[in-house]
Structure formats: C-alpha cells, structure tokens
Amino acid sequence: MGAGHGHRLYFHGHSRVHRAAGHVKLLALVGFMLVVVSTPRAWYAVFGGYLLVLAVVIAWSRVPPTYLLKRLVIEVPFLLFALLMPFVATGPTVEVLGLELSRPGLLAAWGLVAKGTLGVLASLTFAATTEPDEILRGMQRLHLPDLLVQIMGLMIRYLDVVTAELRRMLTGMRSRGFDPRSPRHWPVLARGLGSLFIRSYERGERVHLAMLSRGYQGRLPDLSGARGHEHHHGRPAAIEEAAR
Amino acid sequence: MTPVLDVRGLAYAYPDGHQALFGVDLHVHRGERVALLGPNGAGKTTLVLHLNGILTAGAGTVSVSGLPVEKQHLQEIRRRVGIVFQDPDDQLFLGTVRQDVAFGPANLGLRGAELEERVHSALDQVGMTEYADRPPHHLSFGQRRRVAVATVLAMEPEVLVLDEPSSNLDPASRRELADILRSLDVTVLMVTHDLPYALELCPRSVVLSGGTIVADGGTRDVLTDRDLMAAHRLELPFGFDPRTVDSLPT
C-alpha cells in the first residue's frame, strides 16, 4: 500500500519511532520544545546536548537526515530575521570583520537560530514518523477538545484539495499571460486568493451539508468499529497492537 | 401504498427573496428509478435539499415513507433519504475510505462489528472493498464517486438521491456506475443533465422547470416530446435518438 500516506512530510518506515503511539510522541515533542525554549541562551553546551538527543531519535527512526535537512528550508525567513538582529539591536558592541555588531543582538540571534532550528527539526521528525491520522488519534487520546481535533482533521484533508485548486487557478492565469512574480500583477493575485478563500468557504458549507445529510449532530461519532481492522502497511495486527 | 417520497405543494423562497419552487408535487414509489430533469436554475438542487430537511418548506409538505420531514424526525429522515452530492470531495472528508463510509451509520449509533459489517457491505456493493484503507484523495475521480455512493448506502436508505451522478466521469466509469446503480435494490431519484443516462437507467422522468413540475412520464416519451424539450431548454446530445435505442438493460 505505497500510496496510502496522507501528507508530504511523512516518511514511510517501520522503526520504533514510527510505531510509538501518537499521543506519546506528541507529548514528547511538546515537552522537548518547552524545555528548549526555557533554556537560557548562554548555556551553549546544553543546546549541543539537545541536538544530540534529536540526532539519536532521528538515527533511530531511520529517516535520512538529508530528508529532514531539506525540509528545514521552511526556517529561512526566521533565519533572515535573526541575521538582522545584531545590526539593529542596541547595547555594547563588538567588532567582527570590521562591522560593529550589537552584543545582545548577537546573543538574541543565536538564541533564535538555536531554539528555532531545534524546534523545527523536532517537529519535522515528528511529522516524518507519524501519519496525520495517528496525530489526530493522539490528540483525541490526550483529550484535546473534540472540536479542535475535528477542525485539524478537516484541515489536513482539504489542504491538498485547496492547493490543487490554487494550482489550477494559477495555471489558468498563466495561460492568459499572467506572471505571478511581477509586482504589477500582484493585485490580480490578491483577487485570485480572495476568490480562492470564497470558494473554500463555500466548499466548507457544502461539506457541512453533506455531513448533516448523513446524520451529523455536531460530534464526530466513534468510528472504532471501522478502525479495528486497519492494518497499516500490511503489518499483522498483533505487531500493531504490541507497538501501542 | 405509501410513496417513498411524497411531495405536495412544495414552495420555497430563499432568504434573499428569490423564489425557487412554486408548488411542486412529486410521488416516487418503492423500487422506482426516476430521473429529475430540468435546465440550470430550475430548482432541482433546492428540491433535493428539501427531501432530507436541509431546507425547510415555505409551504406544502414533504414526507418520506409516511414520515413528515420535520425537525423532530430529522435523524430518521436523513437515514431514509441518502443524498450523493455532485462533488465527491464534499462528501469524503475523513482520513480513509473506511472511516468515511462508517461516518453515516456511526451517526445512527452503530458500533463495533455491526458497523464494520455495514461498511463492508456498502463498499462491496460499489466494488471498492480493496480500497478501504486508502485516503479518499488518492483515488481516481470515478472511484471517489463510487465511495460517495457507498457512504450513503451504508445508512441503508429507502431512497438514494443522486445529484449529477455521471458528471466528470470518463465513459468507462460512467458505465461502471450505471451497472452499480442498476444492481442496487433501492429506490433512486437521479438529478441529471445526462439525458441518455436517464434513458438508460430510469424508466420514468420528471421535468422541473421554473420551480414547477412540467412533465412526468416515461423517459422515452419525455425525451421524444420535441415541444416539451424545446420549451424547457432540454436538448439531446448530437446524434442521439431515443427512438432508435430499443432494448434497455434492466
């Protein structure tokens, strides 16, 4: 069942990290992030320790590090911001290669880069080893508000539908001589995004209608009977159970 | 015999004042397959949304197997009337095909083995059992349409209402869906612009135009009535002549 995976960040595998229950991983991720964020910036060695912990988990999960590193690109806008900080912050300065840099600015930049990178890397590892469905089930087991879990579920489901719609819209625009890169065309792009929003809103209404038509009463019913026989990737159910 | 669908004098105006239905009468009996034809804007979708109480009649009544469509019966009405919407992406919103098919019967209170059995039998009826654990968005459009039909069949409805079932299907998927619909032992009301499909599947056709029923009869009779067809913007595809299609598969 190679095509059975919901989202692009997921890396198919059978490691222990993959098999760990969603709610355990979710708690571990949140705990890890809280600890990282609350560590004083100047404890440089401790951040090395955090990275080591992550590296061990990644090695364990057998997700290729390059797979995760490539996806770290999402962090770039924050890095740019961090890069600016030593130039714009005030306070005592230090000279590096003939540039006057603010000391507190440098420290703040380091903090942003270190904490940000650790956070993104940890989240990517979580996403690479946990299928969306399992994340939702984890949230449910942690007794997060039901409505929140439902909204998350619908978001995951319709992300692809909406991006496909956006892609078709852009293709349609390009076919008529539109260049999304040229600032001259940005107003058109903005209107396009506006109409995408309306379309998505209308789709939301239609989905809701279809849900009502099948007896929806505000709560997602217990579908456990329909989940009992779910054998992920053809693994026997016993292993599945053992892994939980 | 009590009709499965009994619509009497149904009128409806949208909140913005636009009146879509002006006194519709329609009876559909058990085991019938009826096509609901009509030009765009005739009020077909508005009528369909009254059948399971999504919209509430401004005047007139709707009952399903004798049960009036009223607030206190909505849950049972929605079990009895299964609507398959035009865009399967609107109907399939959960992580796997199995969960999506389970959603309806689970809302009716089914759990465990009973639920599993419903899901299996519904998927079996549309030939999609082997796709049960796939996410719906990885299926082809034709497969998604079939799963959408299964999500409603799983509720064991008394009448299956299909909104444009053949739209966007390639000819093979269109024919496969026709085979499936013919094999089902259920009353069908099918909204469609695909007139050959109506002729193939539905012995009876009803024409809705301008918010009223303007014709109700044998599909072949309706499709060969030139004046009626022209008056209500109904046109047969190029080269299609209902008179030359003689034996229909049943």
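For chain B, a Gaussian network of Cα nodes joined below 10 Å ranks B:73, B:27, B:18 by mean-square fluctuation, and the top entry is B:18.
Convex hull volume of the C-alpha atoms in the range B:1-143, normalised per residue: 146 Å³. Shielding value for B:96-102 is 5, the average number of Cβ atoms from other chains within 10 Å of each residue's Cβ.
Ranking B:129, B:93, B:27 by how far each Cα lies toward the positive end of the dipole of chain B (charges on Cβ) leaves B:27 at the top. With each label modelled as a point 7 angstrom along the Cα→C-beta vector, the residue B:172-residue A:56 pair spans 5.4 nm. Look at the alpha carbon pairs under 8 Å that are at least 6 residues apart: their mean separation over the length of the range A:16-130 gives a relative contact order of 35 percent. Roughly how many Å is it from the Cα centre of the range A:177-225 to that of the range B:163-210, as a whole number? Here the answer is 28 Å between Cα centres. What you get for the protein assembly as shown, charging only the Cβ of Lys and Arg (+1) and of Asp and Glu (-1), is a dipole of about 1720 debye around the Cα centre.
Here r is the Cβ-Cβ distance between residue B:18 and residue B:179 and R0 is 30 Å; the resulting FRET efficiency, rounded to 0.05, is 0.15. Across the range A:85-141, counting alpha-carbon atoms alone, Rg and Dmax equal 18.8, 56 Å.
Quick one: which of B:122-129, A:123-130 comes out on top by average Cβ neighbours within 10 Å, and what's the full order, highest first?
So the peptides B:122-129, A:123-130, ranked by packing, come out A:123-130, B:122-129.
Between A:41, A:174, A:19, the Gaussian network model of chain A with springs among Cα atoms under 10 angstrom shows the greatest mean-square fluctuation at A:174. Averaged over peptide B:133-140, the number of partner chain Cβ atoms lying within 10 Å of each residue's Cβ comes to 5. Using the Cβ of residue B:45 as centre and a radius below 12 Å, the other residues enclosed give a net charge of 0, where K and R count +1 and D and E count -1. With Rh defined as the Kirkwood radius, the inverse of the mean 1/r over Cα pairs, the Rg/Rh of the range B:100-177 is 0.97. With an a/c value of 1.5 or above and a/b not larger than b/c for the gyration tensor axes a ≥ b ≥ c computed over the alpha-carbon atoms, the range A:58-203 is described as oblate. The share of alpha-carbon pairs in the protein assembly as shown lying farther apart than 43 Å comes to 32%.
Dividing the Cα radius of gyration by the Kirkwood radius, what Rg/Rh value follows for the range A:16-130?
1.05
Ignoring lysines fewer than eight residues from residue A:70 along the same chain, the ones with Cα atoms less than 21 angstrom from its Cα are A:115. With 5 Å bins beginning at zero, the pair-distance distribution over Cα atoms of chain B amounts to 1, 6, 14, 17, 19, 17, 13, 8, 4, 1, 0, 0 %. Using the Cβ of residue B:192 as centre and a radius below 10 Å, the other residues enclosed give a net charge of -2, where K and R count +1 and D and E count -1.
Using only alpha carbons, the range A:131-232 has a radius of gyration to Kirkwood radius ratio (Rg to Rh) of 1.11.
Considering chain B as a Gaussian network with a 10 Å cut-off on Cα pairs, which listed residue, B:198, B:150, B:178, attains the greatest mean-square fluctuation? With Cα springs under 10 Å in chain B, the top fluctuation among B:198, B:150, B:178 is at B:178. Give the value in nm², to one decimal: projected area of the alpha carbon convex hull of chain A, averaged over all directions. Its average projected convex-hull area is 19.0 nm².
Taking the DSSP beta bridges with both ends in the protein assembly as shown, the antiparallel portion is around 60 percent. Per residue, the Cα convex hull of the range B:178-250 amounts to 97 Å³.
Once the gyration tensor of the Cα atoms in the range B:110-242 is diagonalised, the equivalent ellipsoid follows with semi-axes of 32, 16, 12 Å, ordered largest first. Sequence-distant contacts, meaning Cα pairs under 8 Å at least 6 residues apart, place the relative contact order of chain A at 26 percent.
Read the figures in this text as sums done on the coordinates, not as results from a lab. If you're wondering where the values come from, they're calculated on a predicted model, not measured in any experiment. Don't worry about glycine lacking a Cβ; one is built from the backbone with ideal geometry, like all the others, and counts go over all protein chains shown.
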